[in-house]
Amino acid sequence: MISWHVETDYIALLLFAVMLIRNRNEKRDRTLQHTLFYIVLILSIISALIDSSSALALNLRSSWVLCDITLTLFMMTIPMLPLAWYYYSVALMDDRDDKAKIRHMKTVTIPFYVYMAIAATNPWNHWFYSLTPDMRYSRGFLYYYLGITLMLIYSLMAIIVLIKGRKKFGSKADGILLIILFVWAASSICLEALIPGLLIVRVAYAVLYTFCSMTVESEHKERLYRQIDEQNESLRIAVKEAEDANKSKNNFLSQMSHDIRTPMNGIIGMTRIAMKQNNPEKTRECLDKIDTSSKFLLSLVNDILDMQKVDSGAMNLHPEPYIMADFDDYIDSVIKPLYEEKHQTFHVETHQVDSAVPIVDPLRFNQIMFNLLSNAVKYTHNGGNISLTVNNELIPGHKERITAVISDDGMGMSEGFQKVLFDQFTQEERKASKEIQGTGLGLSIVKKMVDLMGGTITVESELNKGTTFTVIIDADYIDADQAEWEQNSKKEQNDYTMLSGRHILLCEDNELNLEIAKVLLTEKDMIVDTAVNGKDAVEIFCEVPDGTYDAVLMDIHMPVMDGYEATKSIRALPRKDAMEVPIIAMTADVFADDIKKCEAAGMNGHIAKPIEPDVLYRELCNYH
């Protein structure tokens, strides 16, 4: 009578169960490999349970029916464990995509389904085993020819897959050892078939799993680490390329800005000088149109510059008390010419808090309002209506809420365009708007500036019925009396009579720009000496007595010696005023990096071209 050694199955069962718990507790990614590995463990446990149950039933010989049922189940599942491991080998080593692997697995499973159907008929035909009434067990011919053969075929298929994929192992020794273990597991099938009562197949596969857990899983992790390293390297290269592209973009924008601003300074400056002369009416009209067009072109250049500043994080706000009366004056001066030209009706209504004055950046706040109002004028037909309502109110947290509503009855916007209207370079394509000029940057800049101020902007619009923008900004505030005192102090600082008699060294190589700057300076009765390059400027500075110049206005791009080198040379002179004299850049280089370079060279200030007279005068007033 054969005695079946079930203890080996119990050892394998325990090992499979421990590994299954470990597999569940690990945070694994849901790849096909890990899913099949989990299935392999479950099928291994099922196989070991069936095998041990049938062996135990035969050893105890307690019930013929129980033995017959467990043995039939055992015969039906003989090839199941090698098939599961073949699945896992394919998932681990095959280069095809998951869908192709799954199709292949379904195909190779068909023989197993046929085998199970045949094995299930054993109680009637005894092709796989026979069991006498006194429970004597003997194997049938199909046990060897079909059951063991199919087990061996699936095992050999798994070994072939591993051999073909051996190059995927980081360690050659691990790959060879895994193949050896698979060969041992397959050989144990033959050994168990030859020696009834010896149950070692599940133990062999349990050892195989343990090795897989130590090596194959670590190989998978190593591949993941390598992939992460490769991705990090790709990201590093992409970041470097993006930085280089951004640097190239900034260089291009800086050069373009400089090359446009230099002639724009001549156009705007000479137009301003010409407008002060006694001109015929037609000439004055032409000069007005030149001035309007040139300022529009300058606004486009400034839009691009502002967008670059915001995107690079270089835009800084300069908050200060902003009295509503000043805002009303600004709106009247810059918007009035626009709506009058199109014979539009413009209605303004402001509600301020008499006891408080908000603290905002006037330049950027005005820019937000100008962009929205100029758009309203632009996209509203001749004779249309535009309104601006500004309501200020105090809210908790020592804040003053500014709510500005800009409405028009113009062409409006489609619902689809409203979703992208704050994106850069976006303009709605319509026949009625083809003649309207613009870069599509204005609203994008408005949105970014409102965000920078911690505010919100919303829009309501309908085609051919108009648009309403609502801007809400919560600002700090100060008492109105304190704001009035600060404003009076500011007016005293803007008293340009203090510039009379100032002695200025003007360094500029462009004859047109030199003439414009000289006119602006002499209008305020300043004394002007000129230099056409940096070397000339240093020599002139050396020749005059200590303390002669009250300020130096320094262009950057000049022949012989540029403005940076000229500034450094003046600062290095062995005389007292060399370090004390204010040196102010007056240049078309206006990017943040350009301003930093001026500061690094030893300059005290920066004035952008085209020159705004008030900006020039205020900058010079800062040094007295």
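Every residue, every condition in (1) of a type in the set (A, V, I, L, M, F, W, C); (2) more than 26 Å from Thr345 (Cβ to Cβ); (3) at pLDDT 90 or above, yes or no:
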residue	(1), (2), (3)
Asn366	no, no, no
Leu372	yes, no, yes
His381	no, no, yes
Asn391	no, no, yes
Glu415	no, yes, no
Glu429	no, yes, no
Val450	yes, yes, yes
Thr468	no, no, yes
Val471	yes, no, yes
Residue that is surrounded by the most Cβ atoms within 10 Å (Cβ to Cβ), among those in region 351-379 that are assigned to a loop (DSSP other than H, G, I, E, B) and polar (S, T, N, Q)
Gln352
Residues Ala585, Ala608: which one is under 23 Å from Ile268 (Cα atoms), surrounded by 18 or more Cβ atoms within 10 Å (Cβ to Cβ) and in contact with a Gly (Cβ under 9 Å, 6 or more places away or on another chain)?
Ala585
Odd one out for Ile290, checked against (1) surrounded by 13 or more Cβ atoms within 10 Å (Cβ to Cβ); (2) out of contact with any Lys or Arg (no Cβ under 9 Å at 6 or more places or on another chain); (3) at pLDDT 85 or above
(3)
Please go through region 72-100 and give me each residue that is within 15 Å of Phe128 (Cβ to Cβ) and surrounded by fewer than 24 Cβ atoms within 10 Å (Cβ to Cβ), ordered by number.
Thr72, Leu73, Phe74, Met76, Thr77, Met80
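Where residues in region 122-163 are of a type in the set (S, T, N, Q) and in a strand (DSSP E or B), which of them is surrounded by the fewest Cβ atoms within 10 Å (Cβ to Cβ)? Full working, then the answer.
As a first pass, look at region 122-163 and keep what is of a type in the set (S, T, N, Q): 122, 125, 130, 132, 138, 149, 155.
If we keep only those that are in a strand (DSSP E or B) as well, we get 130, 138.
Working: Ser130: 14, Ser138: 12.
Across region 122-163, the extreme among qualifying residues is Ser138.
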Output the residues belonging to region 517-546 that are buried (at least 20 other Cβ atoms within 10 Å of the Cβ) and outside any helix (DSSP H, G or I).
Met526, Ala531
Helices (runs of 4 or more DSSP H) lying entirely in region 1-110 (those with 1 or more residues that are modelled with pLDDT under 70 and of a type in the set (D, E, K, R)):
7-25
Residues of region 592-606 being touching a His at 6+ places or on another chain (Cβ under 9 Å) and not charged (D, E, K, R), which ones?
Ile595, Cys598
Quick one: Trp485 ticks every box in (1) among the hydrophobic types (A, V, I, L, M, F, W, C); (2) part of a helix (DSSP H, G or I); (3) at pLDDT 90 or above except a single one, so which number is it?
(3)
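Rundown of residues vs (1) buried (at least 22 other Cβ atoms within 10 Å of the Cβ); (2) modelled with pLDDT of 95 or more; (3) of a type in the set (Val, Ile, Thr); (4) outside any helix (DSSP H, G or I), yes/no style:
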{"site": "Asp509", "(1), (2), (3), (4)": "no, no, no, yes"}
{"site": "Glu515", "(1), (2), (3), (4)": "no, no, no, no"}
{"site": "Thr548", "(1), (2), (3), (4)": "no, no, yes, yes"}
{"site": "Ile556", "(1), (2), (3), (4)": "yes, no, yes, yes"}
{"site": "Val560", "(1), (2), (3), (4)": "no, no, yes, yes"}
The correct count of residues that are hydrophobic (A, V, I, L, M, F, W, C) and either loosely packed, with under 15 Cβ neighbours inside 10 Å or over 14 Å from Thr470 (Cβ atoms) (or both) in region 380-397 is 3
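The values are calculated or read from the model by the stated rules, or taken from the named source; none is laboratory data. Since the model is a prediction, treat every value here as computed from it, not as a measurement. For neighbour counting, all protein chains shown are included, and Cβ atoms are generated from backbone atoms with ideal geometry for every residue, glycine included.
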